[in-house]
Amino acid sequence: MSPAELFRYCPRCGEPRQESNRGHIPLRCFACDLTYYFNPTVAAAAWVVAADGRVLLIRRAQEPAAGKFAIPGGFIDIGESAENGLRREIREEVGLDIDRLAFVLSYPNQYVYRDVTYPVVDLIFLAQAVAADGAKPLDGVAGIVWKFPAEIDPAELAFPSMQVSHAEILRLLQSPS
């Protein structure tokens, strides 16, 4: 179920939504004239590179995609830049600080949580690990592994944005600086 389908009543005045407007974006209340847009949430993740060229993969501990590989990252909080949110998420998930952050691509995604399908825009970055040997599985991470990008099977990656960005990471890391 999408967030727009959850609203049966106007969040401002409590008027029942008219059937003709149920599930539509934006939500329009004909009683109080509220217009509410349901926009995607933003997530950021990074291909974190060690000095030897290997990248960090986490094994997801929770659904969606529990047990699959992913790159560390997560949802950006209100009032937080994508870069600062990404740094926070990487510290929370694997205890690492990152440097030399570079934007790679954005990609639409869907994230199912408690029977609600959230539309997401994933922002994918490339980053250098400050001290790669300090990485450890923390919040929501079942395990970690460092692999060379060419060793990674994109089908083992949890989300389409990570699968699509894998090819770009291969190209970026193999091209001369």
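Some notes on this structure:
- Residues in region 84-105 that are free of Cβ contacts under 8 Å to residues at least 40 places away in the same chain and either in contact with a Phe, Trp or Tyr (Cβ under 7 Å, 6 or more places away or on another chain) or within 24 Å of P149 (Cβ to Cβ) (or both): R87, R91, D97, D99, R100, A102, F103.
- Spans of strands (runs of 3 or more DSSP E) in region 85-177 with at least 3 residues within 14 Å of G73 (Cα to Cα): 98-113, 116-129
- The listed residue being among the aromatic types (F, W, Y), touching an Asp or Glu at 6+ places or on another chain (Cβ under 9 Å) and over 25 Å from R114 (Cα atoms), out of F69, F30: F30
Bear in mind that the values in this text are calculations on the coordinates, not laboratory data. Everything numeric here is computed off the predicted structure, so don't read it as measured data. Counting neighbours? That spans all protein chains shown, and the Cβs are built from the backbone with ideal geometry, glycine included.
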